[in-house]
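**Student:** Okay, here's the structure, questions in a sec.
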Amino acid sequence: DVQTSSSNIENDTIVVPAKKEGFERVFINENCWHAIRISGGMLDKIKYIASYQTKPVSAITHYAPVERIEPYGENNKYKVIFSQAAQLLENPIPFGNATPGSMQGSRYTNMSKLKNSKTLTEVFAD
């Protein structure tokens, strides 16, 4: 049972879809993101958050280190508070030829994969 090298890298980043208005108002200006569903097993592992901006941008453009994650409202949702302001990715990652609907909800990856991927499909490849 041989595992590929990438599957040995633990996911430490949550990528969240964001519409322009909410992205600017909350992700950039409030240094947080809220009402995110996060599976219980991932709460202690998330060290970064990245934002996928929906159309017309259609790319992962920013990321931020996570200071803490706290419960937010009802329905097992969470608020992620950044330890510093979101930073622009050196090379934003376009949606490209990813499967339609790939960014309807939050997804997990890891920061090294995020920083080395050229397309959305690579970010989430196993």
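The values are calculated or read from the model by the stated rules, or taken from the named source; none is laboratory data. Everything numeric here is computed off the predicted structure, so don't read it as measured data. Note that we place each Cβ from the backbone using ideal geometry, even for glycine, and neighbour counts take in every protein chain shown. Calculation scope for accessible area: heavy atoms of the full protein, side chains included, ligands and nucleic acids excluded. Shrake-Rupley method; radii C 1.70, N 1.55, O 1.52, S 1.80 Å.
**Student:** For segment 11-83 and segment 88-120, what is the separation of their C-alpha centers, rounded to whole Å?
**Tutor:** Answer, in whole Å: 14.
**Student:** Moving to a separate point now. Starting from the Cα of residue 115, draw a straight line to each of the lysines and keep only those under 20 Å, dropping any in the same chain fewer than 8 residues away.
**Tutor:** Leaving aside lysines fewer than 8 places away in the same chain, those within reach of residue 115 are 45, 47.
**Student:** So, R0 is 30 Å and r is the distance between the beta-carbons of residue 102 and residue 31; what FRET efficiency does that work out to, to 0.05?
**Tutor:** Working from the Cβ atoms, E equals 0.70.
**Student:** In addition: Testing the spin-label approximation: label points 7 Å from Cα along Cα→Cβ at residue 83 and residue 115. State their distance in nm.
**Tutor:** About 1.4 nm separates the two model spin labels.
**Student:** Please work out which option in (i) 25, 17, 12; (ii) 21, 18, 14; (iii) 23, 18, 14 gives semi-axes √(5λ) of the Cα gyration tensor in Å calculated from these coordinates, and answer with its label.
**Tutor:** Read-out taken from this structure: (ii).
**Student:** Further question on the same structure: Calculate one ³J(HN,Hα) per residue across segment 66-71 by plugging θ = phi - 60° into the Karplus curve 6.51 cos²θ - 1.76 cosθ + 1.60, and present them in order as whole Hz with x for glycine and proline.
**Tutor:** In residue order, the calculated couplings are 9, 7, 7, 10, 10, x Hz.
**Student:** Keeping the other protein chains in place, figure out the carbon and sulfur percent of the accessible area of the chain, with a 1.4 Å probe.
**Tutor:** Of the solvent-accessible surface of the chain, carbon and sulfur hold 47 percent.
**Student:** For the chain, what does the accessible surface come to per residue with a 1.4 Å probe? Please give it in Å².
**Tutor:** The answer is 59 Å² per residue.
**Student:** Then there's this: Give the shape of segment 17-78 as rounded, prolate or oblate, defined through the alpha-carbon gyration tensor: a ≥ b ≥ c are the square roots of its eigenvalues, a/c under 1.5 means rounded, and otherwise the shape is prolate if a/b is larger than b/c and oblate if not.
**Tutor:** prolate
**Student:** Using the Karplus equation 6.51 cos²θ - 1.76 cosθ + 1.60 (θ = phi - 60°), what ³J(HN,Hα) coupling, rounded to whole Hz, does each residue of segment 81-94 give in order, writing x for Gly and Pro?
**Tutor:** Karplus values, whole Hz, x for Gly and Pro: 9, 7, 8, 7, 4, 4, 10, 6, 5, 4, 10, x, 9, x.
**Student:** Further question on the same structure: Between residue 11 and residue 90, take the C-beta separation as r, use R0 = 22 Å, and let me know the FRET efficiency to the nearest 0.05.
**Tutor:** Computed FRET efficiency for residue 11 and residue 90 comes out at 0.55.
**Student:** Taking the Cα centre of the chain as origin, work out the dipole magnitude from +1 charges on Lys and Arg Cβ and -1 charges on Asp and Glu Cβ, in debye rounded to 20.
**Tutor:** My answer is approximately 300 debye.
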